[in-house]
1. Just flag the trypsin sites (Lys or Arg not before Pro) in the stretch 190-280 sitting in loop per DSSP whose Cβ has no more than 14 other Cβ atoms within 10 Å.
2. Check which residues have an amide H placed less than 5 Å from Phe208's amide H, if you skip close sequence neighbours.
3. In whole percent, what relative contact order does the stretch 117-277 give with Cα contacts below 8 Å and a gap of six or more residues?
4. Can you pick out the pairs among Lys50/Lys102; Lys141/Lys228; Lys102/Lys276 whose Cα atoms lie more than 30 Å from each other?
5. Using helices alone, what [θ] at 222 nm do you get for the chain, with -39,500 (n - 2.57) per DSSP H run of 4 or more residues, divided over all residues and rounded to the nearest 500?
6. If amide H atoms are built 1.01 Å from N in the plane of the peptide, which residues on other chains or at least 5 residues away come under 5 Å of the amide H of Ile110?
7. What is the P(r) of the chain, as percent of Cα-Cα pairs per 10 Å bin from 0?
8. Given a Förster distance of 30 angstrom, what is the FRET efficiency for Lys251 paired with Ser63, based on the Cβ-Cβ distance and rounded to 0.05?
Amino acid sequence: MNQTYLELQLELNNTDPLVIIAELNELGFSGFDETEVLLKAYIDLSIWIKVQKNVKARLASFSELSIVAEYEIEQKNWNAEWEKSIQPQLIGPFYVYPSWNKKVIPTNTIPIVIDPKMAFGTGTHETTRLLLSWLPSAIKKNDRILDAGTGTGILGIAASKLGARMVEGFDIDPWSVENVAENINKNNVDNFKAYHGSIEQINSDQQFDIILANINTVALRDLLPMFKKYLNNDGSLLISGLLDIDIPFFKDQVIQDEFIILEQNDFREWSALWLKPVVY
């Protein structure tokens with residue numbers, strides 16, 4: 001008998017999808033599919049029956065978000081349906097593709113195999129693309145890299161393929177650490193280690209040349225002071241996951257005098273910042 005899921009369709013407007021994904025993940029949702037207009041979230045129907053009141057109460061706290069539709073769907077071949085939605089992406093020098101891709105890999109590209117577990121980090125989202133496009137300019141051979149909120153590991157794997165000496169990552173979601181390990185293996189990367197948890201999982205005596213953080217605005221605000229402690233004086237902090245409307249507040253209230261902004265990269269409504277620490 002096929003398992004039944006509920007598909008919840010959300011219109012985000014200016015709401016950060018990473019925040020909503022994190023919220024719904026905690027409430028039992030096991031898959032997400034983001035389009036330009038909607039965030040589709042999937043949950044086992046038996047779980048939904050128990051948590052729907054909590055879910056709707058939590059989502060009601062986001063004033064600009066609205067629930068567009070709820071659908072019950074039977075599991076056909078869930079993996080096959082998911083695989084259809086993941087297409088190869090050419091992002092700068094990187095050719096990002098799933099392992100089931102049958103297309104010929106373009107010459108003179110850096111191939112990255114990413115098999116996501118129905119979650120964020122396939123290279124299709126603007127915030128991922130913003131940081132990937134910077135990596136060839138930012139990373140030097142033998143750099144030490146910290147990948148904060150590593151997701152599928154796409155940024156850390158890209159850094160390793162650009163010549164980084166070592167990469168460490170962390171993520172608060174347990175599925176992520178498992179997924180990163182699988183993707184590391186598929187890419188034959190041997191210098192990338194990911195930990196379950198937040199930044200406290202990283203040895204506090206370590207110093208990194210570059211920290212990559214593609215996470216939501218709230219997490220960036222909380223982690224920025226810690227990032228500076230882990231960053232070399234001449235290092236770079238590349239952050240993404242910021243809506244363009246958040247940039248003025250972030251510059252004035254979060255970055256303040258602790259970092260200088262070298263570059264700002266914008267794509268649609270999203271922004272990324274390339275920061276250098278201010279050394280006193």
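1. Counting only loop positions with at most 14 other Cβ atoms within 10 Å, the trypsin sites (Lys or Arg not before Pro) in the stretch 190-280 are Arg268.
2. It is Leu231, Asn232, by chain and number.
3. Numbers: 330 pairs, mean separation 35.3, N = 161.
RCO, the stretch 117-277: 22 percent.
4. Working: Lys50/Lys102 41 Å; Lys141/Lys228 22 Å; Lys102/Lys276 41 Å.
Cα-Cα > 30 Å for Lys50/Lys102; Lys102/Lys276; rest within.
5. On the way: 7 runs with 82 residues, N = 280.
Result for the chain, helices only: -9000 deg cm²/dmol.
6. Phe94, Tyr95
7. Reading the bins upward from 0: 6, 29, 35, 22, 7, 1, 0.
8. Details: r = 24 Å, r/R0 = 0.79.
That gives a FRET efficiency of 0.80.
No lab work stands behind these numbers, since they all come straight from the coordinates. Remember, predicted model here, so these are calculated numbers, not experimental data. Every residue, glycine among them, receives a Cβ derived from its backbone with ideal geometry; neighbour counts consider all protein chains shown.
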